[in-house]
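These notes concern the structure reproduced below.
The values are calculated or read from the model by the stated rules, or taken from the named source; none is laboratory data. Just so it is clear, the structure is predicted and the values come from calculations on it, not from any experiment. For neighbour counting, all protein chains shown are included, and Cβ atoms are generated from backbone atoms with ideal geometry for every residue, glycine included. SASA here: full protein model, heavy atoms, side chains in, ligands and nucleic acids out. Shrake-Rupley method; radii C 1.70, N 1.55, O 1.52, S 1.80 Å.
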Amino acid sequence: AQSAEVKTWCPLLAQLAGGIADAQIRHVGTLGGSLANNDPAACWPAGVLACGATLVTTQREIAADDFFLGMFTTALEPGEVIRGVRFPRPQQSAYAKFRHPASGYAMAGVFLADFGSKGRRVAVTGATDAVCRWPQAEAAWQAGQPPAPFEHDGLLGDIHAPARYRAHLTDLMFAQAL
């Protein structure tokens, strides 16, 4: 959150880091730990997936599109540890999340990354059972059109928000980020 290098490279990544949970959690957590845990409401997975980052582990390099497999599940093998993450530099990016009032986790969050002629990527967190890309929004954004309402087979519903409400929040967060 405070890194001058990150703020220069992609200011939104520093902003994203500064908006995670509270200061006590940010001071003991790590980017690698957040990604390895793959909490469905965590912010870092959305940033990594939307940016099309590459995760560098003790054994290999894994594209973000191949890393996040499901709720709390990743492509990491037993004993494999994340050593770093390489982010391509988006021309523009934005992140909007609707925070859970107690935890600060995303009840719905949308990260947009524009890579110009290389395309646009949209990742959703908090609304589904795992971070995911939203290809319909990517295509609509590229065409300058509004996307159809967010739908996903793994929409989450709980005591805080039913599934349809989270889908609606996702639509709103996309519009806000855009």
Task: Accessible surface ranking that places the most exposed of Leu156, Leu35 first, with a 1.4 angstrom probe - done: Leu156, Leu35
Open item on the list: Can you give me the solvent accessible area of Asp66 with a 1.4 Å probe, rounded to the nearest 10 Å²?
Closed with: 100
TODO: Once you have a ≥ b ≥ c as the square roots of the Cα gyration tensor eigenvalues for region 81-178, tell me rounded if a/c is under 1.5, and otherwise prolate or oblate according to whether a/b is larger than b/c.
DONE: oblate
TODO: For region 30-98, run through the chymotrypsin sites (Phe, Trp or Tyr not before Pro) and keep only the ones in DSSP coil with at most 16 other Cβ atoms within 10 Å of their Cβ.
DONE: Phe72
Open item on the list: No solvent, one uniform scatterer per C-alpha: report log10 I(q)/I(0) for the chain via the Debye equation at q = 0.13, 0.16, 0.17 1/Å, two decimals.
Closed with: -0.61, -0.94, -1.07
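Report, in deg cm²/dmol and to the nearest 500, the calculated mean residue ellipticity at 222 nm for the chain, where each DSSP H run with n ≥ 4 adds -39500 (n - 2.57) and the sum is divided by the residue count.
Taken over the chain, the calculation gives -9500 deg cm²/dmol.
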Task: Sequence of Ile25, Ile159, Ile82 from largest to smallest accessible area, 1.4 Å probe - done: Ile159, Ile25, Ile82
